[in-house]
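Readers should treat all values here as calculations from the given coordinates under stated rules, not as data from a laboratory. Only a predicted model underlies this, so the values are computations on that prediction, with no experimental measurement involved. Neighbour counts run over all protein chains shown; Cβ positions are idealised from the backbone, glycine included.
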Number of protein chains: 2
Amino acid sequence: MLPKDIDRTDLRILNVLQQDARITNQALADRVALSPSACLRRVRDLEARGLITGYRAQVAVDRIRTATIVLAQVTFGRHALDSFGEFDRRILDMPEIVEACRISGAHDYMLRVIVNDVHEWKDIARMLLGGDYGVERIVSHFLMDEVKPFSGYPLTSSRRKA
Amino acid sequence: MLPKDIDRTDLRILNVLQQDARITNQALADRVALSPSACLRRVRDLEARGLITGYRAQVAVDRIRTATIVLAQVTFGRHALDSFGEFDRRILDMPEIVEACRISGAHDYMLRVIVNDVHEWKDIARMLLGGDYGVERIVSHFLMDEVKPFSGYPLTSSRRKA
DNA sequence: CCTGAAATCCACTATTG
DNA sequence: CAATAGTGGATTTCAGG
């Protein structure tokens, strides 16, 4: 169930850091009932092993710039796996595309894009369609309201078996 | 273009903190060419004004637990605005639903859900459909690959006018 | 793998420009 | 508003169990 190289103390550390990445090491050590030095060593270890992939400030971007956020589903025509590679490289290059997932189902990618307005999105969508990546169709949705903003994953599944 | 209560120094601070929330105040001050005290005052101000909404460690959740991540589009039947409120409260309560956005277009919500397996997702989807919230249809996509993981928003739009 | 102490280094405040 | 300097406290290393 739990990977054998992660114990409950690690989980507690990760849970706290998911909620408050800027907590002091001392306070963190208190919350997980460890001495500061032991706690720090675990945190460094979690970083080195790639279990913590980064620490990010969450910014209210809509209060800083004009921001229209688009969730776009991209469908490919021919499924040449190579064309995925080209497409991937392209979207990694575009700062407006802030997130991209390959998904199962009727569509191939789900993108999250930030633009100033709908016209800018039109330009980008046209670019993706016309770039000869094999993109056949783009379905876009505009984000109206962040009802539940992401604030970390549950690291233990709460749901119990029947 | 830029809100008058945010200057370029604030933007640089936000940009650095988006990439590395655990940087020390001194190093941050260096990077934005400010004294530590001036820098710290700005950071506290950005927090107090709600422009920074939190600091989060990014965790490689798939290396910690069995994780199937679902992107689900939820469509309502009758558009009673009240039923949205009930639905909202419900999803805020469910730890498996880690993000929820109201969107425009053919569907009403986009959810990001983490479950152990497809069966668990089936249970949750059935719950949402049967809970008398007015949910009419759920289209689900399973996340196959995080091609471009979210790592902060561009705070200045790079695209220039034609 | 932990604790505890010692030595840095940093956050934060007061003071001043 | 920003810089400088001081002090209380935190981070980090290391010795030892």
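Can you give the charge dipole size of chain B about its Cα centre, rounded to the nearest 20 debye, using +1 on the beta carbon of Lys and Arg and -1 on the beta carbon of Asp and Glu?
I would put it at about 840 debye.
Rounded, prolate or oblate: which fits the range B:61-142, taking a ≥ b ≥ c as square roots of the Cα gyration tensor eigenvalues, rounded meaning a/c under 1.5, else prolate when a/b beats b/c?
prolate
Taking chain A as a Gaussian network, where each spring joins two C-alpha atoms under 10 Å apart, which residue of A:V43, A:V32, A:V147 fluctuates the most?
A:V147
Dipole of the range B:1-148 (Lys/Arg Cβ +1, Asp/Glu Cβ -1, origin at the Cα centre): which of B:I138, B:G77, B:L11 lies farthest to the positive side?
My answer, from the dipole projection, is B:L11.
Alpha carbons only, please: Rg and Dmax for the protein assembly as shown, in angstrom.
20.8, 60
Taking the Cα atoms of chain B alone, what are Rg (to one decimal) and Dmax (as a whole number) in Å?
Calculated on Cα positions, Rg and Dmax stand at 20.4, 58 Å.
Please label the shape of the range B:1-93 as rounded, prolate or oblate, based on the square roots a ≥ b ≥ c of the eigenvalues of the alpha-carbon gyration tensor (a/c under 1.5 means rounded; beyond that, a/b larger than b/c means prolate, else oblate).
Cα axes put the range B:1-93 in the oblate bin.
From Cα pairs below 8 angstrom and at least 6 apart in sequence, can you work out the relative contact order of chain B, rounded to a whole percent?
Once divided by the residue count of chain B, the mean separation gives 25 percent.
For the range B:8-48, with only Lys/Arg (+1) and Asp/Glu (-1) charged at the beta-carbon, what is the dipole magnitude about the Cα centre, in debye rounded to 20?
Charge dipole of the range B:8-48: 60 debye, to the nearest 20.
List the trypsin sites (Lys or Arg not before Pro) within the range B:106-162 that DSSP assigns to loop and that have no more than 11 neighbouring Cβ atoms inside 10 Å.
B:R160, B:K161
How large is the helix-only mean residue ellipticity at 222 nm for chain B, computed as the sum of -39500 (n - 2.57) over DSSP H runs with n ≥ 4, divided by its residue count, in deg cm²/dmol to the nearest 500?
-11000 deg cm²/dmol
Using only Cα atoms, tell me the angle between helix B:36-48 and the longest principal axis of chain B; keep it within 0 to 90° and round to the nearest 10.
Once rounded, the angle reads 30 degrees.
When a footprinting reagent is the concern and you count Cβ atoms within 10 Å, what order do A:Y55, B:Y153 take, fewest first?
If I rank by nearby Cβ atoms, fewest first, I get A:Y55, B:Y153.
List the residues, sorted by chain then number, that are 5 or more residues from B:T53 or on another chain and whose placed amide H is less than 5 Å from its amide H.
Here A:Q58, A:V59, A:A60 satisfy the definition.
Just tell me how shielded B:105-111 is by partners: mean number of partner chain Cβ atoms within 10 Å of each residue's Cβ, no decimals.
Neighbouring Cβ atoms belonging to other protein chains average 4 per residue here.
Report the extension gain between A:R8 and A:A48 in nm, rounded to one decimal, defined as 0.36 nm multiplied by the number of residues separating them, less their alpha carbon distance.
12.6 nm
Output wanted: per-residue J couplings in Hz (rounded whole) for the range B:107-117, from phi through Karplus 6.51 cos²θ - 1.76 cosθ + 1.60, θ = phi - 60°, x for Gly and Pro.
10, 9, 10, 10, 10, 10, 10, 10, 9, 7, 7
Rg over Rh of the range B:8-48, using C-alpha atoms and the Kirkwood radius, what does it come to?
My calculation of the ratio gives 0.90.
Once the Cα atoms of helix B:118-130 and of chain B are each reduced to a long axis, what angle between those two axes, in degrees from 0 to 90 to the nearest 10, is obtained?
Long axis of B:118-130 versus the principal axis of chain B: about 80 degrees.
Among A:R49, B:R12, A:R78, which comes first, second and so on when ranked by fewest other beta-carbon atoms within 10 Å?
A:R78, A:R49, B:R12
Rounded to the nearest 10 degrees, what's the angle between the helix B:8-19 long axis and the longest principal axis of chain B, both from Cα atoms, 0 to 90?
50 degrees
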